[in-house]
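The values are calculated or read from the model by the stated rules, or taken from the named source; none is laboratory data. Bear in mind the structure is a predicted one, so any value in this text is a computation, not a measurement. Cβ sites come from the backbone with ideal geometry, for glycine too, and all protein chains shown count toward neighbours. All accessible areas refer to the heavy atoms of the entire protein, side chains included, with ligands and DNA or RNA removed. Shrake-Rupley method; radii C 1.70, N 1.55, O 1.52, S 1.80 Å.
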Amino acid sequence: FVGLISEDDIIDYNQPSASLKEHKLNLTKHFVVDTQHYYEVIKAVSEEYLTLVPVITEERNYVGVITLKDMVKYLAELNSIKDPGAIITLELGLHDYALSEIARIVESNDSIILSVNVNNIKHSSNIVVTLKVNTSDTRRLIATFERFSYNVTNSFLAEAYLDSFKERYDSLMKYLDL
């Protein structure tokens, strides 16, 4: 693996018959090793604005590439996007966060958590916890969260959200195929 060549370099070079060795290339050295976690791929893409990430071995041999489309598909699977259910967002203090307590509340309402995401709120000591649960009727669940003094900031019913997300997901996949 030598590096990535940018689309701008290819366009600027514009000499299809000449060898790339003759052109001064501005190769970037962004890659992931095949033993790294997928989060490292996401980090590389977000920090370096990449549309693909080369995968190499520890010995620096090229294995393949992970595209933006591959990452979106993986994140959709990771977050149970296609699974039926609802989404609930909670805002709470960082020091008040206990996943075991949140899971107990969800499970006491005959539901299970399909995925959880936690995001820090900038310039605040609060976080947003996004839950994907396996039920579409969230009224009892929301009432229980509120009874335990959780601030429920949003809830999205499964079908309306899933249809909207599926539409946006299909549009993104179509765009990435262009």
- prompt: If only one of SER80, SER100, SER111 is small (Gly, Ala, Ser) and within 22 Å of SER171 (Cβ to Cβ), which one is it?
  reply: SER80
All positions within segment 1-25 that are within 30 Å of LEU75 (Cβ to Cβ) and assigned to a loop (DSSP other than H, G, I, E, B): PHE1, VAL2, GLY3, ILE5, SER6
- request: Starting from segment 34-46, keep only residues that are closer than 20 Å to TYR62 by Cβ, then list their pairs with residues that are of a type in the set (Ser, Thr, Tyr) whose Cβ atoms are within a distance under 9 Å, requiring at least 6 positions of separation or different chains.
  value: ASP34/THR57; THR35/THR57; TYR38/TYR74; VAL41/TYR74; VAL45/THR51
field: Exclusive hit being touching a residue at least 12 places away in the same chain (Cβ under 8 Å), of a type in the set (Gly, Ala, Ser), farther than 30 Å from THR51 by Cα and in a strand (DSSP E or B), set SER111, SER115, SER155, SER136
entry: SER155
task: For residues that are over 19 Å from ASN120 (Cβ atoms) and polar (S, T, N, Q), tally how many sit in segment 83-101.
output: 1
message: Restricting to segment 107-157, and then to whatever is more than 23 Å from the chain's Cα centre (by Cα) and among the aliphatic types (A, V, I, L, M), can you tell me which residue is most open to solvent (accessible area, probe 1.4 Å)?
response: ALA143
query: Before we move on, is VAL41 modelled with pLDDT of 90 or more, touching a strand residue (DSSP E or B) at 6+ places or on another chain (Cβ under 8 Å) and of a type in the set (Val, Ile, Thr)?
result: no
message: Here's a check for you: in segment 80-98, which residue that is touching a strand residue (DSSP E or B) at 6+ places or on another chain (Cβ under 7 Å) and not in a strand (DSSP E or B) is most open to solvent (accessible area, probe 1.4 Å)?
response: LEU94
- prompt: List the pairs whose first member sits in segment 1-21 and is open to solvent by 50 Å² or more (accessible area, probe 1.4 Å), whose second member is modelled with pLDDT of 75 or more and in a loop (DSSP other than H, G, I, E, B), and whose Cβ atoms are under 6 Å apart, counting only residues at least 6 apart or on separate chains?
  reply: PHE1/ARG60
- line: Across segment 47-67, the tally of residues that are hydroxyl-bearing (Ser, Thr, Tyr), under 19 Å from the mean Cα position of the chain (by Cα) and in a loop (DSSP other than H, G, I, E, B) stands at 2
- request: Pull up segment 39-72, narrow it to residues that are touching a Phe, Trp or Tyr at 6+ places or on another chain (Cβ under 6 Å) and open to solvent by 80 Å² or more (accessible area, probe 1.4 Å), then point me to the one that is nearest to SER6 (Cα to Cα).
  value: TYR62
message: Take the conditions touching a Pro at 6+ places or on another chain (Cβ under 8 Å) and not aliphatic (A, V, I, L, M) and apply them to HIS30. Does it pass?
response: yes
query: Restricting attention to segment 152-174, does a residue exist that is out of contact with any Pro (no Cβ under 8 Å at 6 or more places or on another chain), charged (D, E, K, R) and modelled with pLDDT of 95 or more?
result: no
message: Going by what's in this entry, would VAL72 be described as under 25 Å from TYR38 (Cβ atoms) and modelled with pLDDT of 95 or more?
response: no
